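Quick note: the coordinates plus some simple rules give every number you see, no bench work behind them. None of the values given here were measured: they were computed from a predicted structure. FYI the Cβ positions are ideal-geometry reconstructions off the backbone, even for glycines, and counts take in every protein chain you see.
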Amino acid sequence: MATFDVLTDSTSDLTPELRQEYSIDYFEMEFSTEEKTYQASLDWNDIGAHAFYETMRNDVKYRTAQVSVKTFTDKMRAHLSEGKDVIYIACSSALSSSVKTAYIVRDELRAEFPDRKVICIDSLISGMAQGMLAIECSKMRDQGKTVEECGEWLEDNKFFYNQCATTETLSYLKEAGRVTASSAFFGNLFAVKPIIISDSKGQNLAVKKVKGRKSSFTEIADHVSNYIVSPEKQTVWIGHADCFFDAEQLEMEIKSKIKGVNVKKYVIGPIVGVSVGPGTLICNYFGKSKTEQV
């Protein structure tokens with residue numbers, strides 16, 4: 001029997017199948033318009049993925065909210081009440097304050113559950129790369145590793161989980177504070193596409209700009225092929241924001257440069273989706289340390 005439970009949050013983008021296979025739970029964030037608030041369900045319970053991205057294409061503006069104190073408290077208490085320790089793999093603290101709230105809730109629950117352990121990990125990343133950390137943690141748990149051993153492994157290895165992305169438009173990144181208004185205008189006007197990675201501080205960093213959508217696929221594939229480690233032993237995950245056929249093109253580019261690599265695709269979840277916008281592609285993989293890529 002598992003001695004601890006693995007949890008993450010809505011930014012992990014873990015599909016229902018992956019969460020079931022690896023017994024991973026998650027804390028839901030929220031996103032909202034002026035009129036309505038939605039739970040950021042990775043099962044897309046409140047609104048379907050295509051419908052969500054279509055509303056964004058039709059200029060609906062969303063705001064996102066971190067995991068609430070109540071959500072943290074209720075779910076952590078439920079797991080601890082079952083006699084389990086908990087390890088929470090959180091969205092990057094550079095992008096969300098959820099992990100800071102989790103620290104507070106963890107400390108408050110210690111008096112109620114003095115014999116239980118709660119470990120909160122700042123993953124310094126978001127999206128499926130964050131989910132990949134949760135999957136590896138789950139595998140280690142099932143192999144008999146303790147919650148402390150898994151926590152140490154996560155802290156030692158989180159810098160090797162990488163992302164390389166491009167967006168269809170720079171507008172959403174501008175609104176999220178990722179690029180300046182002038183560079184966003186220039187990029188959209190001249191079809192310049194950014195190549196974005198997650199850096200060692202947990203921030204999203206544009207490392208290059210290329211001309212044209214197809215060129216961005218080639219650039220991402222080149223970047224991944226340069227930095228991936230042991231591709232034959234891992235799955236490269238391509239996330240797409242309602243642009244499945246573009247994801248297929250990117251998959252072909254990656255497979256042409258990295259022979260024998262296993263590639264799977266998924267839909268980018270609502271919290272990450274609000275920040276990057278429809279048409280975004282994100283490639284997640286295990287590779288060289290992020291400190292080597294800037």
| field | Relative contact order %, region 160-292, counting alpha carbon pairs below 8 Å whose residues are six or more apart | value | 36 percent
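Take the residue pairs 36/117; 255/290; 214/259 and return only those whose Cα atoms are more than 30 Å apart. Mind showing how you got there, number by number?
Details: 36/117 37 Å; 255/290 22 Å; 214/259 20 Å.
Too far apart for the 30 Å limit: 36/117.
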| request: Please report, in whole Å, how far the alpha carbons of region 160-292 spread along each principal axis, starting with the longest. | output: 41, 32, 27
| field | Under 5 Å, built H, 5+ apart or other chain: amide partners of residue 86 | value | 5, 117, 118, 119
| remark: One computes Rg over Rh for region 4-158 from alpha-carbon atoms, with the Kirkwood Rh, and obtains 0.98
| message | Can you tell me the length gained on complete extension of the stretch residue 259 to residue 142, counting 0.36 nm per residue apart and subtracting the Cα distance? | response | 39.1 nm
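Under the rule that an exposed site lies in a DSSP loop and has at most 16 other Cβ atoms within 10 Å, name the longest stretch of the chain with no GluC sites (Glu not before Pro) of that kind, not counting the sites themselves. Numbers along the way, then the final one.
Values: sites that count: 34, 35, 82, 112.
Answer - 113-294.
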| request: Hey, can you grab everything whose amide H is under 5 Å from the amide H of residue 40? Only 5+ residues off in sequence or another chain; H modelled, so Pro and N-termini drop out. | output: 29, 30, 31
| field | Estimated Rh, the chain: Kirkwood, alpha-carbon pairs, angstrom | value | 19.4 Å
| Can you list the aspartates and glutamates whose alpha carbon is less than 12 Å from that of residue 201, not counting same-chain residues fewer than 8 positions off? | 122
